[in-house]
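Notes to accompany the following structure.
The values are calculated or read from the model by the stated rules, or taken from the named source; none is laboratory data. Just so it is clear, the structure is predicted and the values come from calculations on it, not from any experiment. Here the Cβ is made from the backbone with ideal geometry for all residues, glycine too, and neighbour counts use every protein chain on show. Keep in mind that these areas ignore ligands, DNA and RNA; they rest on the heavy atoms of the full protein, side chains included. Shrake-Rupley method; radii C 1.70, N 1.55, O 1.52, S 1.80 Å.
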Amino acid sequence: MNYTIETLNENNIEEYVRTNAFAWKETYKGIVNDEFLDLINTEEKIQKSVERQKAQLQNEAKKCFLLKVNNKPVGNLSIEISLDKNFPNIGEIKAIYLLEEVKHQGYGKILFNKAVQELQKMNFKTMIISCLEENTNANEFYKHLGGNLVGTRPFTNRKYLLL
């Protein structure tokens with residue numbers, strides 16, 4: 001496996017945002033409505049997301065990483081302190097996204113382990129992960145790694161499972 005995990009910075013923000021948007025479109029097809037998925041992949045929305053990410057670069061409570069395989073952006077990771085009032089002062093994996101072309105090759109576990117390592121550096125001893133209830137592949141992945149369902153929270157008409 002020829003891969004690198006880059007910390008989000010000014011030079012790779014656009015790759016991060018584009019990878020995230022495309023991974024959403026692949027991952028949530030049939031789960032989230034197509035109009036929303038098409039919207040997040042527009043150039044205007046991508047550029048707005050790039051600016052939003054730039055504004056967050058100095059936020060030490062949030063860390064983002066870009067996964068590249070053979071120097072091609074194929075996935076990303078986002079972690080931060082949990083904003084869920086039921087789980088205060090613990091770490092949260094906000095997102096692990098991979099493009100379809102690299103799924104089932106061990107990169108999800110690599111990003112998961114990176115998240116655990118980074119959350120420990122941030123002095124968190126526990127963490128939660130939120131997944132859309134209908135995203136059974138991700139839910140099974142996290143359960144396979146030791147996650148347990150601890151609650152749900154709303155996401156429009158859908159529920160996040162908290163593991």
Quiz item: Suppose every K and R has +1 on its Cβ and every D and E has -1 on its Cβ; what is the size of the dipole of region 32-156 about the Cα centre, in Debye to the nearest 20?
Solution: 660
Quiz item: Considering only protein heavy atoms, what per residue accessible area in square angstrom results for the chain with a 1.4 angstrom probe?
Solution: 57
Quiz item: Roughly what % of Cα-Cα distances in region 1-108 sit above 15 Å, to the whole percent?
Solution: 66
Quiz item: What residue among 55, 126, 13 has its Cα farthest toward the positive end of the dipole of the chain, where the charges are +1 on Lys, Arg and -1 on Asp, Glu, each on the Cβ?
Solution: 126
Quiz item: How far is it, in nm, from the label point at residue 4 to the one at residue 50 when both lie 7 Å from their Cα along the line to the Cβ?
Solution: 2.0
Quiz item: Using a Gaussian network model of the chain with C-alpha springs under 10 Å, which one of 47, 105, 117 is most mobile by mean-square fluctuation?
Solution: 105
Practice problem: Compare 145, 111, 37 in a GNM of the chain, Cα atoms joined below 10 Å, and give the one with the largest fluctuation. | Solution: 145
Quiz item: Along the charge dipole of region 1-147, which of 112, 32, 102 sits closest to the positive end, that is, farthest toward it, with unit charges on the beta carbon of Lys, Arg, Asp and Glu (+1, +1, -1, -1)?
Solution: 112
Exercise. Taking all protein chains together and a probe of 1.4 Å, list 69, 150 from the most accessible to the least accessible.
Key: 150, 69
Quiz item: Which sequence of 34, 84 reflects their accessible areas, 1.4 Å probe, from the largest down?
Solution: 34, 84
Exercise. Can you tell me how much longer the chain between residue 123 and residue 144 gets when fully stretched, taken as 0.36 nm per residue apart minus their C-alpha distance, in nm with one decimal?
Key: 5.1 nm
Quiz prompt | Accessible-area composition of the chain, carbon plus sulfur, in percent [1.4 Å probe] | solution = 48
Quiz item: How large is the helix-only mean residue ellipticity at 222 nm for the chain, computed as the sum of -39500 (n - 2.57) over DSSP H runs with n ≥ 4, divided by its residue count, in deg cm²/dmol to the nearest 500?
Solution: -11500 deg cm²/dmol
Quiz item: Structure shown: which of 68/121; 94/125; 62/109; 62/125; 62/143 lie over 18 Å apart, alpha-carbon to alpha-carbon?
Solution: 68/121; 62/109; 62/143
